[in-house]
Every structure is written in structure tokens, then in C-alpha cells.
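These notes concern the structure reproduced below.
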Amino acid sequence: MQGPVAVVTLNRAEAMNALSKALRAALAAAMRRVDADPEVRAVVLTGAGTRAFTAGLDLKELGSDAAAMDDATGQGADANPVKAVEQCRKPVVGAINGVAITGGFELALACDVLIASENARFADTHARVGIMPGWGLSQKLSRLIGIYRAKELSLTGNFLDAVTAERWGLVNRVVAADDLLPAAVALATDMAGVEPGFSAAYKRLIDDGFAVAFGEGLRLETARSSAANAGVGPEEVARRREAVQARGRTQG
């Protein structure tokens, strides 16, 4: 814990933090704990070491266990690390410290915000391995960076460097490796300043709207905002307005 921020680390540096069955289950358990902990108001997810955020599914494990593929494509949170992250109602900042490859790329895209170190690189090697993505990458990536760029990455398996990822809008910003965790924690701390219930509802509104057509998303916003805002009184707005103005004066 760093104040109201929990740091969750994928800790298999010797295997480039590959997502073994055990690591996926441990991630799901960790995300359940931080989601349930009232002292935690935001989360940073990163990888151990400097080489990898995660290299994706543990191919050595997949190649030695006939049942491993079925488990790896399961949709429960213990098997699917994307679901493990998505079950957390609190903001999750991905601190991408090295390569995020294939399933690791999918896990990065499950975070709410991405901060990348200068060492970060992204690659979708599903086509090279001969395995179809099942954790959302084929649909999310084109919506984030455009269909032509997504096809370029997915149909070549080529790596995307951190600077280009920022230019393409895949990551929020790139920082020096030594600054990555402090920058991610600082951003998560900012997010932790929002009332938790409201933060969770707003995050859900953004995610649910992103998953549907634009017109349906607007109707969703209208319905939820009408219901939520009906209970907000003028005194509360005035009080919070003063706090927002005071905070704004401290920012450049």
C-alpha cells in the first residue's frame, strides 16, 4: 500500500512474469482483496523487474499439459486475468515496465489507464503462435488505435515501442523507467481522491458505453445521470464546487 493506493505486482521475473495457471489465480485473488478493502481506493498493476510487464500465457506450461489450453481460455476470473482486473470496481492504472506480449497485451488493455516506461513494448503474436485471442484484444485494439493500425500489429506480430504507443494513443504517457512506479502511484492517488461509490459508477458508465454503439451509449448516459443526479442537492454542489476550485488553483 502507498496511501490509498494498492500496488499489485506480477511476480515471476525469472519467467518474464508469464501468466501461469498459478499466477492467474493469484492475480484474481489479489484483485478481489483490493476490491473488497475499504482502505484501497485505487490500484496500480505492474510486473516485477524491468524486462516484462508480462510475456503472456506460459507457453511452456501450455506445451506440457493437454488440459492447460482449456483452462487458459476459461472465462472465470481465476483463469482469465482480464476478468480478474475487470472485477475490480476501483480505478486500475497499468504501469507497463517492459514487454506486454499477446495475453500480456490483453491484460494491459484491461487496465483503466496505461503509463509506460521507456522500456515498454507491445506485441500481439497470436497469429504467430496460431492461437486466436480470447480475452478481448481483437475487439479492443481496433477501437483504441484504429482498425488499420490494429491489423498491422496483429497480422505481423511486430513490436510497438513505447513512444509510438503514446503517439497512437495506446498509452497515456511514457516516463523514464525509474519514474514509472512513482508516476503511476501519483496518478492513482489523484483518482483515489474521488468518492469511491461515485468513481465506481462513473467507471462503469464509461466501460458500458464503450461496449455499445454511440447512440446507445448516449441513451445509457442520460438514463444513469438522470437517476444519479436527482439525489444531488444544491448545498452539496456548492460545497464541492469550492473544493474543485481550490484544487484547480494548485494545478498549472
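The values are calculated or read from the model by the stated rules, or taken from the named source; none is laboratory data. From a predicted model like this one, the values you see are computed outputs, not experimental measurements. We place every Cβ from the backbone using ideal geometry, glycine too, and count neighbours over all the protein chains shown. Only protein heavy atoms, including side chains, enter the accessible area calculation; ligands, DNA and RNA are left aside. Shrake-Rupley method; radii C 1.70, N 1.55, O 1.52, S 1.80 Å.
Here are the numbers:
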| item | result |
| --- | --- |
| Qualifying positions in segment 13-22 - in contact (Cβ under 8 Å) with a residue 40 or more places away in the chain and over 15 Å from residue 108 (Cβ atoms) | 15, 20, 21 |
| Output for segment 112-146, where each listed residue is within 16 Å of the chain's Cα centre (by Cα) and of a type in the set (Val, Ile, Thr) | 113, 115, 145 |
| Any pair with Cβ under 6 angstrom, 6 or more apart, that starts in segment 212-235 at a residue that is closer than 17 Å to residue 201 by Cα and small (Gly, Ala, Ser) and ends at one that is in a helix (DSSP H, G or I) and open to solvent by less than 90 Å² (accessible area, probe 1.4 Å) | 217/209 |
| Set 176, 213, 192: member being crowded, with 16+ Cβ neighbours inside 10 Å and among the hydrophobic types (A, V, I, L, M, F, W, C) | 192 |
| Test result for residue 173, in contact with a helix residue (DSSP H, G or I) (Cβ under 8 Å, 6 or more places away or on another chain) and basic (Lys, Arg) | yes |
| Enumeration of residues in segment 104-120 that are in a strand (DSSP E or B) and surrounded by fewer than 21 Cβ atoms within 10 Å (Cβ to Cβ) | 113 |
| Odd one out for residue 252, checked against (1) at pLDDT 75 or above; (2) under 30 Å from residue 119 (Cα atoms) | (1) |
| Residue list for segment 146-176, restricted to those being among the hydrophobic types (A, V, I, L, M, F, W, C) and more than 26 Å from residue 90 (Cβ to Cβ) | 147, 150, 153, 155, 159, 160, 163, 168, 176 |
| Among the candidates 56, 63, residue that is at pLDDT below 95 and surrounded by fewer than 24 Cβ atoms within 10 Å (Cβ to Cβ) | 63 |
| Of all residues making up segment 133-165, the number that are out of contact with any Phe, Trp or Tyr (no Cβ under 7 Å at 6 or more places or on another chain) and open to solvent by less than 80 Å² (accessible area, probe 1.4 Å) | 18 |
| Residue list for segment 224-236, filter: exposed (fewer than 11 other Cβ atoms within 10 Å of the Cβ) and either among the aliphatic types (A, V, I, L, M) or over 19 Å from residue 199 (Cβ atoms) (or both) | 226, 227, 230, 232, 233, 234, 235 |
| Scan of segment 9-23 for residues that are closer than 16 Å to residue 84 by Cα, aliphatic (A, V, I, L, M) and open to solvent by less than 50 Å² (accessible area, probe 1.4 Å), ordered by number | 10, 18, 19, 23 |
| Any hit, segment 192-206, residues being in contact with a strand residue (DSSP E or B) (Cβ under 6 Å, 6 or more places away or on another chain), of a type outside the set (Phe, Trp, Tyr) and modelled with pLDDT of 95 or more | yes |
